[in-house]
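Here the structure comes first, spelled out in structure tokens, and everything after it is commentary.
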Amino acid sequence: MASSNQAKADKPGSVRLFINRAGSGKAMDVSNTLEVPVEVTLRLTRMVNVAGVGNGVIRKTIPANSRVRVATLSKRKAGGPIMFKHSFSYAMLFSPEPDQPDSVSVPGPAYALPWQGGPFRISQGAGGDFSHNSPSGRYAVDIAMPVGTPIVAARAGTVVKIRNGQGGRFPDPAGNYVRIEHEDGTHSAYLHLSRGSVRVKPGQQVKVGTLLGKSGNTGRSTGPHLHFVVQKAYGSSMLSIPFRFNQPVSSLPNFALSSQ
């Protein structure tokens, strides 16, 4: 049973590392409040007077909605302090759908490119350090493009939510956006659109190629671009899931692959 303090600390829709005292040592717990299991990697470096963690690399699977102790650090010698540096990362483990093979391939339909014109460049891909490292955006892609580029539906569906009146970074880091629900229950979202440019309304049916709005630089954006993400609801969380375009992403110029 979680204590009241723990319940407050275990933020919904997150994966967090907690380090607390355990006798003369340290206990390291991971809280996973997502609706899917995750594999965590904990790396300890610059260890002084630390025992119980081998070479300092710990990998464990944390079930959905659980809190697990991943390591207990003890003193190698009594009297001296325990010192170390640590880094922590995780990856979501998506279970295959019923009657589907246990593969890690990208399932589902291919998405059309969600813009007109170009060619444009990928400025941040899946797992990007700047902003594609959260459960809701891990598999997103950012495409740098001039403000005013037509943004179109990449897949047919129903518009479920829009924002059209934001002029800068606040109040929503997504800026102006369009969110579309597809027949399989997944969503696609088109973020950072120009203020006043959205051309669709909630409840509207759209086809591939329907004009949604125009690209912009609103919300948490360091330059004009489109942020495109496909998500699926797991309990109360909207999680980013892998997807594929109907043409190889490698055919697009890619900022994220720097030397090219």
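Nothing in this text is a laboratory measurement; each read-out follows from the coordinates by a stated rule. All values derive from a computational prediction rather than experimental measurement. So basically every Cβ, Gly included, is an ideal-geometry build from the backbone, and we count neighbours across all protein chains shown.
With a ≥ b ≥ c the root eigenvalues of the C-alpha gyration tensor of region 110-257, is it rounded (a/c under 1.5), prolate (a/b larger than b/c) or oblate?
Rounded, since a/c falls under 1.5.
In whole percent, what relative contact order does region 110-257 give with Cα contacts below 8 Å and a gap of six or more residues?
31 percent
Around TYR234, which amide H atoms from residues at least 5 apart in sequence, or from another chain, sit under 5 Å from its own amide H, with H modelled in the peptide plane?
For TYR234, the qualifying residues are LEU239.
5 Å is the cut-off here: which amide hydrogens, built 1.01 Å from N in the peptide plane, fall below it relative to PHE245, excluding neighbours closer than 5 in sequence?
Those qualifying (amide H under 5 Å, at least 5 residues apart or on another chain) are TYR111.
Ranking request for peptides 38-44, 17-23, 154-160, 138-144: highest mean number of other beta-carbon atoms within 10 Å first, then the rest in descending order.
Averaged packing, sorted descending, gives the order 138-144, 154-160, 38-44, 17-23.
Where a Cα-Cα gap under 26 Å defines reach, which lysines qualify for LYS60, not counting those fewer than 8 residues away within the same chain?
Output for LYS60: LYS8, LYS11, LYS26, LYS75, LYS85, LYS232.
Just want the ordering: PHE120, PHE228, from fewest to most Cβ atoms lying within 10 Å of their own Cβ.
Arranged by neighbour count, lowest to highest, PHE120, PHE228 become PHE120, PHE228.
Can you work out the Karplus-derived ³J(HN,Hα) for every residue in region 159-167? Use 6.51 cos²θ - 1.76 cosθ + 1.60 with θ = phi - 60°, whole Hz, and x for glycine or proline.
5, 10, 7, 9, 9, 9, x, 7, x
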